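A short write-up of the structure that comes next.
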Amino acid sequence: MIFNERLKILREEKCLTQESTARALDMPLRTYNRLESDGAKTHYDTLLKIADYYDVSVDWLMGRTDRREVNR
């Protein structure tokens with residue numbers, strides 16, 4: 001699954017722990033673990049929060065494009 005792989009790449013690029021990332025995204029650590037390990041489904045609001053946190057597009061997170069840039 002692309003989403004969980006890209007989520008882990010982003011976190012590791014910033015040298016963050018799962019715990020610190022979960023805290024920054026205001027979600028339980030277990031929830032973040034599941035997103036990164038098995039690509040668990042998430043709410044649209046959470047997906048937007050993750051994209052904003054890492055400054056990448058939702059389309060890139062979901063594997064719809066290879067361009068990370070956000071169209072603003």
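Computed packing ranks the peptides 47-56, 23-32 as 47-56, 23-32, most packed first, by mean other Cβ atoms within 10 Å. Axis angle, to the nearest 10 degrees, between helix 44-54 and the longest C-alpha principal axis of the chain: 80 degrees.
Under the combined filter of DSSP loop state and at most 14 neighbouring Cβ atoms within 10 Å, segment 5-72 retains these GluC sites (Glu not before Pro): Glu69. Remark: the chain carries 70 Å² of accessible area per residue (probe radius 1.4 Å; ligands, DNA and RNA excluded).
For the chain, the longest principal axis of the alpha carbon atoms and the long axis of helix 29-38 meet at an angle near 50°. Take every pair of alpha-carbon atoms less than 8 Å apart whose residues are at least six positions apart; their mean separation over the length of the chain yields a relative contact order of 31 percent.
Multiplying the residue separation of Met62 and Cys15 by 0.36 nm and subtracting their alpha-carbon distance yields 14.7 nm.
The values are calculated or read from the model by the stated rules, or taken from the named source; none is laboratory data. Keep in mind that this is a model prediction, so the values were computed, not measured. Every residue, glycine among them, receives a Cβ derived from its backbone with ideal geometry; neighbour counts consider all protein chains shown. Just so you know, the surface numbers come from the protein's heavy atoms only, side chains and all, with ligands and any DNA or RNA stripped out. Shrake-Rupley method; radii C 1.70, N 1.55, O 1.52, S 1.80 Å.
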